[in-house]
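Novice: Take a look at the following structure, please.
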Ligand SMILES: N[C@@H](CCC(=O)N[C@@H](CS)C(=O)NCC(=O)O)C(=O)O
């Protein structure tokens with residue numbers, strides 16, 4: 001069974017794609033162009049009523065929310081590919097903790113920066129410099145906590161790569177490579193080493209290769 005992943009091969013859809021590659025699950029991408037608003041088409045809204053990507057179809061099973069999807073595949077194929085969910089309930093608990101930190105404490109600020117600095121002109125909303133400054137300040141405080149954590153363990157949940165690390169890949173990639181904020185990672189020695197480690201995984205490199213030429217607009221790699 002080949003899993004259908006609806007979305008462009010960038011942004012949040014990459015969270016799902018890198019997980020599927022780590023879990024050695026075959027997939028095909030069904031392109032949805034959010035810059036053209038295809039995610040608001042009635043046909044797409046039947047799959048994802050909030051009009052957001054990504055969505056997966058696995059046979060007759062449909063699932064949306066990228067973090068729900070990665071949890072689903074990491075559990076479904078626990079014994080296949082990389083183990084992303086740990087071996088004990090305690091490890092799983094700590095992975096869940098850091099997955100929540102990514103979603104609740106980290107992502108909102110990175111997302112503001114990415115939306116403002118990379119997508120505002122493309123999606124047609126006004127640029128808000130105050131929001132950029134506030135988001136950077138808040139993200140700095142979050143990254144200080146990451147620096148402390150990563151001075152004690154190689155990865156967020158312990159000395160093993162997990163969903164918690166994987167979930168950071170898509171938007172930290174933008175922070176480092178697309179919006180001129182690489183120093184936020186590089187100024188912190190342990191966060192910097194962690195980023196080098198996780199972003200050099202073959203799975204992530206494969207995901208970056210999936211971006212079609214059409215997503216390379218105005219010299220910016222989406
Ligand atoms: N919580 C959702 C967020 C997904 C999300 O924000 N997707 C963005 C692209 S990264 C999107 O679909 N934006 C288009 C829109 O909201 O109109 C998830 O992780 O699946």
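Novice: For segment 139-188, count the residues as N, evaluate 2.2 N^0.38 Å, and divide the Cα radius of gyration by that value, please.
Specialist: Ratio of Rg to 2.2 N^0.38 Å for segment 139-188: 1.15.
Novice: Under the classification rounded if a/c is under 1.5, otherwise prolate if a/b is larger than b/c and oblate if not, where does the chain fall, given a ≥ b ≥ c as square roots of the Cα gyration tensor eigenvalues?
Specialist: oblate
Novice: Full extension from residue 90 to residue 26: what is 0.36 nm times the residue separation minus their Cα-Cα distance, to one decimal in nm?
Specialist: Net length gain for the segment: 20.0 nm.
Novice: Can you put 89, 55, 16 in order, fewest other beta carbons within 10 Å first?
Specialist: 89, 55, 16
Novice: Please find the FRET efficiency linking residue 130 to residue 182, where r is the Cβ-Cβ separation and R0 is fixed at 30 Å, and quote it to the nearest 0.05.
Specialist: It comes to 0.85.
Novice: Now for a separate question. Taking only Cα atoms and a 10 Å spring cutoff, compute GNM fluctuations for the chain and point out the largest among 125, 27, 44.
Specialist: Result: 125 has the largest fluctuation of those listed.
Novice: Once you've got the GNM for the chain with C-alpha springs shorter than 10 Å, pick whichever of 14, 67, 186 has the biggest mean-square fluctuation.
Specialist: Largest GNM mean-square fluctuation: 186.
Novice: If you don't mind, there's one more thing I want to ask. At a threshold of 8 angstrom on Cα-Cα distance, excluding pairs fewer than six apart, so keeping six or more, what relative contact order does the chain reach in percent?
Specialist: 22
Novice: Antiparallel as a % of all DSSP beta bridges within the chain, to the nearest 5?
Specialist: 70
Novice: What does DSSP give for segment 3-120 in terms of the percent of beta bridges that are antiparallel, rounded to the nearest 5?
Specialist: Looking only at bridges with both residues in segment 3-120, the antiparallel portion is about 65 percent.
Novice: At 7 Å along Cα-to-Cβ for each site, give me the label-to-label distance between residue 100 and residue 159 in nm.
Specialist: About 2.7 nm separates the two model spin labels.
Novice: From the square roots a ≥ b ≥ c of the eigenvalues of the alpha-carbon gyration tensor of segment 3-81, which class results: rounded (a/c under 1.5), prolate (a/b over b/c), or oblate?
Specialist: prolate
Novice: Give the shape of segment 62-158 as rounded, prolate or oblate, defined through the alpha-carbon gyration tensor: a ≥ b ≥ c are the square roots of its eigenvalues, a/c under 1.5 means rounded, and otherwise the shape is prolate if a/b is larger than b/c and oblate if not.
Specialist: Oblate is the answer for segment 62-158, as a/c is 1.5 or above yet b/c matches or exceeds a/b.
Novice: Neighbour counts of other C-beta atoms within 10 Å: give me 139, 17, 45 arranged from fewest to most.
Specialist: By the 10 Å Cβ count, ascending: 45, 139, 17.
Novice: So what's the back-of-envelope 222 nm ellipticity for the chain, counting only DSSP H runs of four-plus at -39500 (n - 2.57) apiece and dividing by all residues, rounded to 500?
Specialist: That comes out to -14500 deg cm²/dmol.
Each reported figure results from applying straightforward, stated rules to the coordinates on display, with no laboratory input. Keep in mind that this is a model prediction, so the values were computed, not measured. Note that each Cβ is placed from the backbone with ideal geometry, even for glycine, and that neighbours are counted across all protein chains shown.
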